[in-house]
Amino acid sequence: MSDNFDVVVIGAGPAGYAAAIRSAQLGLNTACIDKSLGKDGKPAFGGTCLNWGCIPSKALLDASHKYLDAKEHFAEIGITVKSVGIDVPKMIERKDKVVSGMIKGIAGLFKGNGVTGLTGVGRLLANRQVEFTPHEGDRTIVQAEHVILAPGSVPAEIPPTPIDGDRIVDSTGALDFTEVPKRVGVIGAGVIGLELGSVWGRLGSEVVVLEALEEFLPMVDERIARDSLKIFKDQGLDIRLGALVTGTEVNKKGVTVSYTDSEGEQTIVVDKLIVAVGRKPYTEGLFAPDSGIDLDDQGFVIVDDLCATNAANIYAVGDAVRGPMLAHKGTEEGVMVAERIAGFKPMVNYATVPSVVYTHPEIAWVGKTEQEVKASGESYTVGQFPFAASGRAQAANDTQGLVKVIADTQTDRIVGVHVLGPQASEIVAQAVIAMEFDASAEDLGLTMFAHPTLSEAFHEAALSVAGHAIHMVNRKKRS
Ligand code: FAD
Ligand code: NAD
């Protein structure tokens, strides 16, 4: 192995591996160091996203959705199934197989693009030297022209719910239950709480979600949050808002969780408790004291808009820096930094980072919520279209939710798109493209969408901004 690289990346999650691959594509001699070990104990590139995050959670979300569909909804469309069963070990084994295939895929991408993948611990020293301690073998020091830090994040913990990996687990543990627990408690009605609560609820667990805030999904458009709360409750998720967890007691029978709400002290008893109260940046052991990197008071690496730290030629990207903790946000930052190192001038447009909650129906959005636009004092117009009026949603027996388009009244420019519904994650991608190209609601209205598609609901919502929707009666009558 060479001791000198143009670029050394620490961390091979979606932010780090993208930075490394793009750097190598641009002709830079690049190494990427990652210390993660997979479930099989072998080195595993891909970070949280591949190992314990996006991919395994979606494998279980898809499997549990198919199970519930077969069990409860096939009969509605004329398919009778004699018995539908669950084989949890098989479901987990398939999820693990998907994960290990993706991990091998990153190793293959490194090889194919000429990235030197190093498995072990990286530590930034002064003067852009990086200490590399392999899982096996001797420690070495490599010299880098540029260093990109992409160490990611880990689950946040709270004192009342110490993780024991058995009864009380974090998101990683909740991806590996060996059977369907009878009663599941979830602390936090955020993205992870709703996704993993849905997985085990669909498979048959009684799920209680305790959320400290009075408001449900405060970052989501109010209408969408309100409608989705009702839908999730109807699905059987017992979501209790304003519930502050104060303690837990574990015994052979389960976990007693104490919390306070507006009515006073309460308890629930569950078999498994999933703690999903957020994530925190992970920089443990990453820097020598004289490396010149500063952290903010929450532990994030301080960077500017271009992901540069205050040390020359050292950058940080992904979950360990400000902004949403999302895989695609980190990937875009990693690619931007690689291209800047190579002399190009791209930027990340943080105004168009899409967010998705992969429940069913999915929640997806980009841009500002109605409450944000209202608070800013800008004048705006809303167009909405319910999936119940979509031919494709009716045909698919999947009609809950709506698309909501918010446009600036003066310019007609789209400032936010909010979707609750089937394949909302795919529909919002179209909204991101529209906003990237500064589209107006009229531009979208003049665009042809294939029929019958769920995306037509987006088209109709854009048309309804001006009161021109065709497949519903418009509330606003405009010429
Ligand atoms: P990470 O993916 O955390 O990767 C960092 C890597 O760096 C890790 O492998 C770590 O071991 C390694 N590392 C750290 N320090 C060192 C060191 N000193 N030396 C060597 N290696 C080091 N996001 C989405 O966009 N969509 C989703 O659907 C989604 N679902 C999720 C579901 C769950 C259950 C969880 C937990 C997260 C989910 N996320 C999702 C969030 C997403 O996983 C993260 O935003 C993303 O992985 C962050 O990427 P990253 O590259 O910054 O860090
Ligand atoms: P989150 O911030 O989405 O939700 C955490 C919730 O826990 C909040 O609603 C918070 O009010 C609540 N909470 C905090 N302390 C509490 C307490 N003591 N008692 C009760 N409730 C409490 O965090 P998360 O769900 O853990 O997810 C972490 C990160 O992972 C998110 O930032 C998200 O971006 C990322 N993620 C994304 C996806 C996706 O894109 N689909 C999926 C999973 C995770």
Q. Which of the residues that make up the stretch 83-106 are open to solvent by 40 Å² or more (accessible area, probe 1.4 Å) and of a type in the set (A, V, I, L, M, F, W, C)?
A. 84, 86, 98, 102
Q) Only one of these conditions is not met by residue 327: (1) under 24 Å from residue 155 (Cβ atoms); (2) touching a Lys or Arg at 6+ places or on another chain (Cβ under 8 Å); (3) not hydroxyl-bearing (Ser, Thr, Tyr). Which number is it? A) (2)
Q | Looking only at the stretch 56-89, and only at residues there that are under 16 Å from residue 360 (Cα atoms) and polar (S, T, N, Q), the one that is nearest to ligand 2 (Cβ to nearest atom) | A | 57
Q. Assuming residue 143 fulfils every condition listed in (1) buried (at least 17 other Cβ atoms within 10 Å of the Cβ); (2) more than 16 Å from ligand 2 (Cβ to nearest atom) apart from one, which condition is it?
A. (1)
Q. Quick one: in the stretch 14-55, which of the residues that are within 16 Å of ligand 2 (Cβ to nearest atom) and in contact with a strand residue (DSSP E or B) (Cβ under 8 Å, 6 or more places away or on another chain) is farthest from residue 315 (Cα to Cα)?
A. 48
Q: Restricting attention to the stretch 238-280, report how many residues are polar (S, T, N, Q) and open to solvent by less than 70 Å² (accessible area, probe 1.4 Å).
A: 5
Q: Only residues that are in contact with a Leu (Cβ under 9 Å, 6 or more places away or on another chain) and either at positive phi or open to solvent by 30 Å² or more (accessible area, probe 1.4 Å) (or both): list them for the stretch 328-340, please.
A: 339, 340
Q. So which strands (runs of 3 or more DSSP E) are wholly in the stretch 255-353 and hold at least 1 residues that are among the hydroxyl-bearing types (Ser, Thr, Tyr), within 19 Å of residue 188 (Cα to Cα) and in contact with a strand residue (DSSP E or B) (Cβ under 8 Å, 6 or more places away or on another chain)?
A. 264-270
(Q) Looking for something closer than 30 Å to residue 129 by Cβ and in contact with a strand residue (DSSP E or B) (Cβ under 7 Å, 6 or more places away or on another chain) - is there at least one such residue anywhere in the stretch 102-109? (A) yes
Q. Can you tell which of 80, 30, 48 is over 27 Å from residue 191 (Cα atoms) and crowded, with 18+ Cβ neighbours inside 10 Å?
A. 30
Q | Residues of the stretch 217-242 satisfying the condition of being β-branched (Val, Ile, Thr) and either under 19 Å from residue 196 (Cβ atoms) or in a loop (DSSP other than H, G, I, E, B) (or both) | A | 220, 231, 239
Q) How many residues does the stretch 171-191 contain that are outside any helix (DSSP H, G or I), within 12 Å of ligand 2 (Cβ to nearest atom) and surrounded by fewer than 22 Cβ atoms within 10 Å (Cβ to Cβ)? A) 1
Q: Would you please list the contacts, defined by Cβ atoms under 6 Å and residues six or more apart or on different chains, that run from a residue in the stretch 79-91 that is within 12 Å of residue 60 (Cα to Cα) to a residue that is open to solvent by 80 Å² or more (accessible area, probe 1.4 Å)?
A: 88/179
Q.
For the stretch 316-331, which positions are more than 14 Å from ligand 2 (Cβ to nearest atom) and either in contact with a helix residue (DSSP H, G or I) (Cβ under 8 Å, 6 or more places away or on another chain) or closer than 13 Å to residue 20 by Cβ (or both)?
A. 317
Q: Find the residue count for the stretch 192-213, including only residues that are open to solvent by 20 Å² or more (accessible area, probe 1.4 Å) and within 11 Å of ligand 2 (Cβ to nearest atom).
A: 4
Q. Between residues in the stretch 155-176 that are small (Gly, Ala, Ser) and residues that are open to solvent by 50 Å² or more (accessible area, probe 1.4 Å), which pairs lie under 6 Å by C-beta distance while being six or more apart or on different chains?
A. 156/277; 156/279; 156/280; 171/192; 173/165
Q) Of the residues 396, 320, which is in contact with a Pro (Cβ under 7 Å, 6 or more places away or on another chain), small (Gly, Ala, Ser) and not assigned by TED's automatic domain parsing to the domain that holds residue 433? A) 320
Q: Scan the stretch 214-237 residue by residue and report those that are near ligand 2 (Cβ under 10 Å from one of its atoms) and open to solvent by less than 50 Å² (accessible area, probe 1.4 Å).
A: 216, 217
Q: Would you mind finding the one in 399, 447 that is surrounded by 15 or more Cβ atoms within 10 Å (Cβ to Cβ) and either in a loop (DSSP other than H, G, I, E, B) or touching a Cys at 6+ places or on another chain (Cβ under 8 Å) (or both)?
A: 399
Q. Here are some residues: 317, 382, 353. Which one is in contact (Cβ under 8 Å) with a residue 12 or more places away in the chain, open to solvent by less than 50 Å² (accessible area, probe 1.4 Å) and within 9 Å of ligand 1 (Cβ to nearest atom)?
A. 317
Q: Could you list all residues from the stretch 281-299 that are open to solvent by less than 30 Å² (accessible area, probe 1.4 Å) and at negative phi?
A: 281, 283, 286, 288, 291, 293
Q.
Regarding the stretch 301-311, can at least one residue be identified that is of a type in the set (Asp, Glu), within 16 Å of ligand 2 (Cβ to nearest atom) and in the same structural domain as residue 20 (by TED's automatic domain parsing)?
A. no
Q. Any idea how many residues of the stretch 21-47 are more than 11 Å from ligand 1 (Cβ to nearest atom) and among the aliphatic types (A, V, I, L, M)?
A. 5
Q. Would the stretch 121-132 turn up any residue that is farther than 30 Å from residue 29 by Cβ, open to solvent by less than 70 Å² (accessible area, probe 1.4 Å) and at pLDDT 95 or above?
A. no
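The values are calculated or read from the model by the stated rules, or taken from the named source; none is laboratory data. Predicted model only: the values in this text are computed from it and were never measured. Cβ atoms come from the backbone with ideal geometry, glycine included; neighbour counts cover every protein chain shown. Just the protein is used for accessible areas: all its heavy atoms, side chains included, with ligands, DNA and RNA removed. Shrake-Rupley method; radii C 1.70, N 1.55, O 1.52, S 1.80 Å.
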